[in-house]
Amino acid sequence: MGIRLYQEPQLNSPILVASWPGIGNIGIIAVDTLRRILGAEELGEIEPWEFFYPKLVLIRKGVLEYLEFPGSRFYFKGTGEKDVILFIGEEQPAEGGRMYAEGTKAYRMANLVIDVAEKFRCGRVYTSGAAVALTHHTAKPRVWAVPNSENLVPEIKKYSNSILMSDIEGRGGHGNITGLNGLLLGVAKRRGFEAICLMGEIPVYLQGLPLSYPRASKAVLEVLTHGLKVEANLDTLDELDQKAQQRIEEFYQQIPLEIREQLDRLKHVTYPQPAEPGPITEEEERKIVEDVEKFFKKRREGD
Amino acid sequence: MNQANPVSIYQEPDLRQSSLVLGWKEDAGDLGRRVTDYLNLKLKGQEFAEIEPEDFFAMGGVAVKDNIARFPESKFYACPDQELVILQTDAPSAEWHTFLNSVLDVAEVHCHVREVYVLGAMISISAHTAPRQLLGVANSAEMRGTLSQYDLNRDMDYQTQPGERPTLNSFLLWIAKGRNIPGVSLWVPVPFYLAAVEDIQAQRRVVRFLNEKLGLRIDLSDLDQEIRRQNERLAQARSRSAQIDDYINRLESNLTLSDEENGELVKKIDEFLEEGG
């Protein structure tokens, strides 16, 4: 059990871009959009049995026709500049009802993805996901970039609309990347691959909602396609974003006025450098987070 | 992790061309546990193997049910005279593929199993007085064909609905198919208000099928008596409570109850049967 390749194309130092579902499905929408834009072909899959419970059964006239598992599929495309391998995991191999994978299965799956990177001599690995941030849904999300090596920092500093953890207000360069989107960075490092995780910002008050956030997917893709030197028309994401924004706005109007007034102030955040005084003080930030948490707690209790 | 060898065999069973019957211990109407207990009792099943629980169940303590601490178990019993293997097991909560393959490893390697039957109860909104129609889902058209001479519905159409997942029965059948082992999932409806207690009619319906299909030659008169007793108790419940009678009357007339009424009926029947009414 492990990897099943449908074909073995000759690829020139490809870049592997991987993603699994997570908050706002930011990473997976970005990578799936890239797959469609590039017209990438199916390359193979990670056999699902040891990782997943089946997701669908079809019974016709009393005969079990098939059982379908969550997919973990590889795609490839020669782009002219840089060849690309994409990996899209439909689910994280989480246990006990958790959303994110951890432990032996997660580690094994991350290693299988890197096995493919190794087989095709990938020059780099990207993963992508969500960064929960004090931002507003009407604002353009930034992209937090976390490399697995010091050597990549100068390159990341040149990316537009991107920041390192050390540039994020109050974080001091520290943080966590939950689940496989993060774990893959570590496994890549352990096996000698340079890797960068690109995380699109999602407002803190949206993180618990079952909503996609394509606005951040687009921000991630803008960075990614620049890195891959791929020309990509991202209009489809704008259409998705418009629909998502409508639903978010409906939700936003349900938030009590006094909390919403606090959140409205996030519209005007201008992302100063850490040394500069910001438009919102640390105390105010703390208050916003507390108020939002209280609101969601109340909502959950009311369910 | 103990996945390399999760099975303990105590004694090699003397089986040449057997059938496996699998029942889940936590099933609606207590179907799986009761049917496998009944078969074991009638056919003098001898325990010969078990699947170790550590890889497949959460080992975070024990569940207490009816005052007794329970621990997950997966035990195999052999009935050599009838060429039958019985597995009574808790449903695994992890490593399902390995667990189900372990079941089929025991069945194939140690018992030379040629067919698999897995039992399942479906919660039904019908009254207990309605007949229990047995449904069979096979893992091949050939296996479906072998069921034609028996009294069961072989025409089920189903696709997993959004937010749901396939059953372990389907998962087992699918793995068995991959190993060229014919298999059938047997489904019997259990009235919702008997789901938390027991449904002897449903149990009898399954046993009757297995009796015929596998030539077990079990006399089912004791089950008939139990059904009579259960029906009498339910009739008493109806005669003592106008509300219970009204709810069941409406179900018998194919009328639906509200969620609140459903809950009320479940509670009242549960209380009545527990009191030994």
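No lab work stands behind these numbers, since they all come straight from the coordinates. All values reported here derive from a predicted model rather than from experimental measurement. Neighbour counts are summed over all protein chains in view; Cβ atoms, including those assigned to glycine, are modelled from backbone coordinates with ideal geometry.
Quick notes on this one:
- Relative contact order for chain B, counting Cα pairs under 8 Å that sit 6 or more residues apart, in percent: 21
- Rounded to 5, percent antiparallel among DSSP beta bridges of segment A:60-194: 80
- Relative contact order of chain A, pairs being alpha-carbon contacts under 8 Å that are 6 or more residues apart, as %: 21
- Based on every Cα atom in segment A:3-254, Rg and the maximum pairwise Cα distance Dmax equal 18.1, 62 Å.
- 29 Å Cα-Cα reach of B:Lys25 towards lysines, excluding residues that sit fewer than 8 places from it in its own chain: A:Lys55, A:Lys61, A:Lys105, B:Lys42, B:Lys44, B:Lys65, B:Lys75, B:Lys177, B:Lys213, B:Lys267, B:Lys268
- Modelled spin labels at B:Gln225 and B:Ala4, positioned 7 Å past Cα toward Cβ, are 5.2 nm from each other.
- A Förster distance of 56 Å, applied to the separation of the beta-carbon atoms of B:Arg217 and A:Thr138, puts the FRET efficiency at 0.15.
- Computed FRET value (nearest 0.05) for B:Glu52 with B:Glu261, which takes r as the C-beta separation and R₀ as 51 Å: 0.70
- For segment B:193-277, applying the loop criterion from DSSP together with a ceiling of 13 other beta carbons within 10 Å to the GluC sites (Glu not before Pro) yields B:Glu275.
- Of A:Ile85, A:Ile28, A:Ile259, the one that fluctuates the most in a GNM where chain A has Cα springs shorter than 10 Å: A:Ile259
- Cα gyration tensor category, rounded, prolate or oblate, for segment B:7-218 with a/c compared to 1.5: rounded
- Two-site FRET efficiency, A:Lys297 against B:Ala94, from Cβ-Cβ distance with R₀ of 35 Å, rounded to 0.05: 0.70
- Estimated 222 nm signal from helices in chain A, with DSSP H stretches of n ≥ 4 weighted -39500 (n - 2.57), rounded to 500: -11500 deg cm²/dmol
- Taken along its principal axes, the alpha carbon cloud of segment B:225-274 reaches lengths of 32, 22, 16 Å, longest axis first.
- Placing a pseudo-label 7 Å from each Cα along the Cα-to-Cβ vector at B:Phe71 and A:Gln246 gives an inter-label distance of 5.8 nm.
- Relative to the longest principal axis of the Cα atoms of chain A, the long axis of helix A:282-302 lies at roughly 70 degrees.
- Cut-off 17 Å, label 7 Å out along Cα→Cβ of A:Ser149, residues of segment A:4-18 by amide N: A:13-17
- Taking A:Val57, A:Val187, A:Val31 as the candidate residues, the one with maximal mean-square fluctuation in a Gaussian network model of chain A, Cα springs under 10 Å, is A:Val57.
- The P(r) of segment B:147-187 has a tail past 16 Å containing 49 percent of all C-alpha pairs.
- Gain upon complete extension [B:Ala196, B:Gln236; 0.36 nm per residue less C-alpha separation]: 12.5 nm
- Pair-distance distribution of segment A:1-57: all C-alpha pairs, bin width 5 Å, starting at 0; shares per bin in whole percent are 4, 13, 16, 24, 25, 13, 4, 1.
- For segment B:1-149, averaging the sequence separation of C-alpha pairs within contact (under 8 Å, six or more residues apart) and dividing by the residue count gives a relative contact order of 33 percent.
- Estimated Rh, the protein assembly as shown: Kirkwood, alpha-carbon pairs, angstrom: 27.6
- Nitroxide proxy distance, nm - points 7 Å out along Cα→Cβ at A:Glu261 and B:Arg250: 4.9
- Within segment A:129-144: backbone nitrogen closer than 19 Å to the A:Asp32 label point (7 Å, Cα to C-beta): A:129-131
- Counted over segment B:116-210 with a bin width of 10 Å, the fraction of Cα pairs per bin, in whole percents, is 15, 45, 33, 6, 0.
- Net charge dipole size for segment B:7-218 [Lys, Arg +1 and Asp, Glu -1 on Cβ; Debye, nearest 20]: 680
- Counting beta carbons within 10 Å around each of A:Ser217, A:Ser166 and listing the fewest first gives the order A:Ser166, A:Ser217.
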